[in-house]
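Only one structure is covered here, and it is reproduced in the block below.
Each value in this text was obtained by applying a stated rule to the coordinates, not by laboratory testing. Keep in mind that what you see is a predicted model, and the values were worked out from it rather than measured. No Cβ is skipped: glycine too gets one built from the backbone with ideal geometry, and neighbour counts run over all protein chains shown.
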Amino acid sequence: MKSLIVSLKTSTEALDDFKKALKSARKGKLKDNHFEVSFDNKKDFERFVKNIHLLSMIITYKPRSVYELAKLSNLDVSNLNKIILFFEEFGVLKLKEMKVDGRNVKKPIVEYNKIEFNLAA
């Protein structure tokens, strides 16, 4: 099972964690299933939490396109695209270009089965 850990850290803490992960990777001791997104500001963290239901919808309904997800979630496509780009920027979801009924569409894909929050100070 592929898990995503979401945390809220200062930029210094995130950089320290990155340095530790880099050292582990160089030694060949990197954890295979450790995927973490660390936010260094409360605004982005709150935006992530506010829109987490979209990730759940993608996992559950497996929409064939962003337009189909917009219909499922009752959101405007342009607003949904902004949220999707936000998630894509952090590596939480991917867009796969496909042909559906002769049209090129972008299918949103979430590769995680579980999302955990690490809020330890």
Completion exercise
When the chain is treated as a Gaussian network with springs between alpha carbons less than 10 Å apart, the largest mean-square fluctuation among Lys94, Lys43, Lys106 is found at Lys43
Problem - Long-range HN-HN contacts of Val6 with modeled amide H, under 5 Å - result: Val37, Glu116, Phe117, Asn118
Handout entry: Unit charges on C-beta of K, R, D, E only; dipole of the chain, Debye
Key = 380
Problem - Exposure proxy order (Cβ contacts within 10 Å, fewest to most) of Glu68, Glu46 - result: Glu46, Glu68
Practice task
Can you put Ile58, Ile109 in order of Cβ neighbours within 10 angstrom, beginning with the fewest?
Solution key: Ile109, Ile58
Completion exercise
Counting only DSSP beta bridges with both partners in the chain, the antiparallel fraction in percent, to the nearest 5, comes to 40
Handout entry: Fully extended contour minus Cα-Cα distance, from Glu88 to Lys29, at 0.36 nm per residue
Key = 18.5 nm
Problem - Residues Val37, Val49 arranged by fewest to most Cβ contacts within 10 Å - result: Val49, Val37
Fill in the blank from the handout: In nanometres, the difference between 0.36 nm per residue of separation and the alpha-carbon distance of Glu68 and Thr10 is 17.2 nm
